[in-house]
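Asker: I have a structure I would like to understand better, so I am pasting it below and will then ask my questions one at a time.
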Amino acid sequence: MADNTATKSRKRRQPDPDSTTEVLFKNRLKPDSVILQTLQSLVTSTASASSSKPLTLSDLSLSSSCREVTDLSLTSVQSEIEALTISIVQSILSGKGFSFNVPSRAATNQLYVPELDRIVLKDKNTLRPFANISSVRKCTITARILSLIHQLCEKSIHVTKRDLFYTDVKLFQDQTQSDAVLDDVSCMIGCTRSSLNVIAAEKGVVVGRLIFSDNGDMIDCTKMGMGGKAIPPNIDRVGDMQSDALFILLVEKDAAYMRLAEDRFYNRFPCIIVTAKGQPDVATRLFLKKMKVELKLPVLALVDSDPYGLKILSVYGCGSKNMSYDSANLTTPDIKWLGIRPSDLDKYKIPEQCRLPMTEQDIKTGKDLLEEDFVKKNPGWVEELSLMVKTKQKAEIQALSSFGFQYLSEVYLPLKLQQQDWL
């Protein structure tokens with residue numbers, strides 16, 4: 001009996017292969033002071049690049065005419081709606097009926113501009129007549145949304161997109177329909193969506209070396225606990241940003257964000273950690289852009305090693321086709337892809353049981369991304385995405401937990417920063 005116990009005890013003391021791998025990579029780490037010096041050079045180059053005046057559409061001579069929206073005051077939005085209403089009334093009184101001339105947001109009306117590294121909207125319009133059975137309902141929804149926005153301007157209040165939907169559920173039927181028309185109205189008026197005083201519910205969070213004012217209240221994001229500070233849905237409330245961070249770490253998923261927040265990664269390597277918990281929302285995109293512009297810090301992105309992780313990264317950097325009309329305000333240029341990259345799966349010896357086979361839809365999405373101009377512009381992205389499609393393997397950030405729950409914050413990210421291993 002004693003011999004059996006001793007045997008079991010010896011078995012328990014045998015080294016775990018995963019632990020060996022963790023120690024191996026941890027031994028490659030240099031002192032934190034050396035890594036911080038490396039980061040300082042990145043900060044200096046980013047600040048130098050940020051000091052030059054950014055290019056705008058008006059600086060370029062493009063073969064296609066493009067449109068962009070701007071921030072408008074409530075008075076200006078109200079005046080635009082009233083002018084539009086008067087023209088509709090005149091059209092009806094003249095016996096022509098009425099229709100809305102709506103900027104097309106179809107994929108064929110989008111243009112990637114390499115000089116700006118973002119997607120913009122071309123100037124093609126579509127007619128939305130009331131006297132047509134195929135468009136009468138959408139035309140009615142457009143008129144209703146314009147009426148509701150006018151009310152918000154008069155009262156000078158904000159509502160959520162959900163509030164807007166519930167003002168006329170029978171007409172809108174589904175919130176995606178009222179949301180889509182809200183974007184149409186922004187294009188028609190020529191203003192940003194935030195100028196309409198319609199906001200999305202709070203989704204994104206931020207933690208780390210950042211102090212800012214939220215509607216007059218000073219917020220210290222190092223004292224917000226693990227959960228962090230919810231990103232205000234109204235960017236106009238945010239001001240007076242101060243930070244001693246060396247970089248901004250943009251994280252795709254809440255789970256990885258929580259790990260880094262609990263480990264207080266931002267104290268070991270001064271940084272600001274932000275996440276939209278998946279698909280980027282407008283408030284998080286605006287907040288990230290504001291931090292980048294005001295603090296002049298580099299942005300490093302941590303996303304899953306799958307096509308959707310890269311799509312999320314591209315939305316932050318180049319914009320989404322759905323909101324290309326406002327890409328000037330919503331995109332953050334020069335985001336570095338830190339990880340998890342397809343080449344990391346072998347480089348960091350991610351176990352096979354932690355890798356997932358790509359579905360046919362995953363592979364199709366990956367191949368479609370390879371055809372996008374914003375991917376083709378970056379040879380490193382092309383190489384990584386091609387490797388992913390070839391191996392047909394993907395992995396989530398949490399795959400690193402196979403080496404220990406804190407491997408992400410204690411080994412993987414420090415080593416990445418030390419080696420300046422980003423694209």
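Asker: What relative contact order, as a whole-number percentage, does the chain give when Cα pairs under 8 Å and 6 or more residues apart are counted?
Answerer: 17 percent
Asker: What is the calculated FRET efficiency for Arg268 to Ser51, with r their C-beta to C-beta distance and R₀ = 25 Å, to the nearest 0.05?
Answerer: 0.30
Asker: Which FRET efficiency value, to the nearest 0.05, is calculated for Lys364 and Asp334 with the Förster distance at 35 angstrom and r the Cβ-Cβ distance?
Answerer: 0.75
Asker: Calculate the spin-label point distance for Gln242 paired with Thr44, positioning each point 7 Å from the Cα along the beta-carbon direction, and give it in nanometres.
Answerer: 2.6 nm
Asker: Arrange the residues Ser343, Ser195 by how much accessible surface each exposes, largest first, with a 1.4 angstrom probe.
Answerer: Ser343, Ser195
Asker: Taking the 0 to 90 degree range and rounding to the nearest ten, how far is the long axis of helix 175-189 tilted relative to the main principal axis of the chain, both from C-alpha atoms?
Answerer: Long axis of 175-189 versus the principal axis of the chain: about 60 degrees.
Asker: Tell me the relative contact order for the range 203-251 as a rounded percent, counting alpha carbon contacts under 8 Å between residues six or more apart.
Answerer: Relative contact order here is 43 percent.
Asker: Right, here's the next one. Roughly what % antiparallel, to the nearest 5, for the DSSP beta bridges in the range 154-306?
Answerer: Of the beta bridges lying entirely in the range 154-306, close to 55 percent run antiparallel.
Asker: Per Stokes-Einstein, at 25 °C and 0.890 mPa s, what whole-number D in µm² s⁻¹ belongs to the range 214-253, with the Kirkwood radius over Cα pairs as the hydrodynamic radius?
Answerer: 206 µm²/s
Asker: Quick one: net charge of Ile231's neighbours, Cβ under 11 Å, K/R +1, D/E -1?
Answerer: +3
Asker: Return, for the Cα atoms of the chain, the radius of gyration and Dmax in Å, separated by a comma.
Answerer: Gyration radius and largest Cα-Cα distance of the chain: 24.9, 103 Å.
Asker: What is the range 309-372's relative contact order, in percent, from Cα pairs under 8 angstrom and six or more apart in sequence?
Answerer: It comes to 24 percent, rounded to a whole number.
Asker: For Asp326, what charge total do you get from the other residues with a beta carbon under 13 Å from its beta carbon, if Lys and Arg give +1 and Asp and Glu give -1?
Answerer: +3
Asker: Just to confirm the filter: which GluC sites (Glu not before Pro) across the range 274-371 are DSSP coil and have at most 11 other Cβ within 10 angstrom of their Cβ?
Answerer: Glu371
Asker: At 1.4 Å probe size, put Asp373, Asp263 in order of accessible surface, largest to smallest.
Answerer: Asp373, Asp263
Asker: Normalised radius of gyration for the range 282-368, please: alpha carbon Rg relative to 2.2 N^0.38 Å, two decimal places.
Answerer: Its radius of gyration relative to the 2.2 N^0.38 Å reference: 1.26.
Asker: Of Lys124/Lys253; Lys311/Lys390; Lys292/Lys416; Lys349/Lys376, which pairs sit farther than 30 Å apart, going by alpha carbon to alpha carbon?
Answerer: Flagged as over cut-off: Lys124/Lys253.
Asker: In what sequence, largest accessible area first, do Val382, Val293, Val411 appear using a 1.4 Å probe?
Answerer: Descending accessible area places them as Val293, Val382, Val411.
Asker: Using the alpha-carbon atoms, what tilt in degrees (0 to 90, nearest 10) does helix 307-318 show relative to the longest principal axis of the chain?
Answerer: Value to nearest ten degrees: 60.
Asker: Between the alpha-carbon centers of the range 371-423 and the range 116-168, tell me the distance in whole angstrom.
Answerer: For the range 371-423 versus the range 116-168, the Cα centre distance is 40 Å.
Asker: Still on this model: Determine, from the Cβ-Cβ distance of Ser104 and Asn27 and an R0 of 56 Å, the FRET efficiency 1/(1 + (r/R0)^6), rounded to the nearest 0.05.
Answerer: Here the calculated transfer efficiency is 0.45.
Asker: Find how much the distance from Ile92 to Gln37 grows on full extension, using 0.36 nm per residue of separation minus their present alpha carbon separation; answer in nm with one decimal.
Answerer: Here the segment from Ile92 to Gln37 would lengthen by 13.0 nm.
Asker: Does anyone have the angle between helix 379-391 and the longest principal axis of the chain? Alpha-carbon axes, 0 to 90°, nearest 10?
Answerer: For helix 379-391, the angle is close to 70 degrees.
Asker: Over the range 38-184, what lengths in whole Å, largest first, do the semi-axes of the equivalent ellipsoid take, defined as the square roots of 5 times the eigenvalues of the alpha-carbon gyration tensor?
Answerer: Semi-axes from the Cα gyration tensor: 36, 21, 16 Å.
The values are calculated or read from the model by the stated rules, or taken from the named source; none is laboratory data. Remember, it's a predicted structure, so these values are computed and weren't measured experimentally. Using ideal geometry, Cβ is built from the backbone for each residue, glycine included, and neighbour counts are taken over all protein chains shown. Just so you know, the surface numbers come from the protein's heavy atoms only, side chains and all, with ligands and any DNA or RNA stripped out. Shrake-Rupley method; radii C 1.70, N 1.55, O 1.52, S 1.80 Å.
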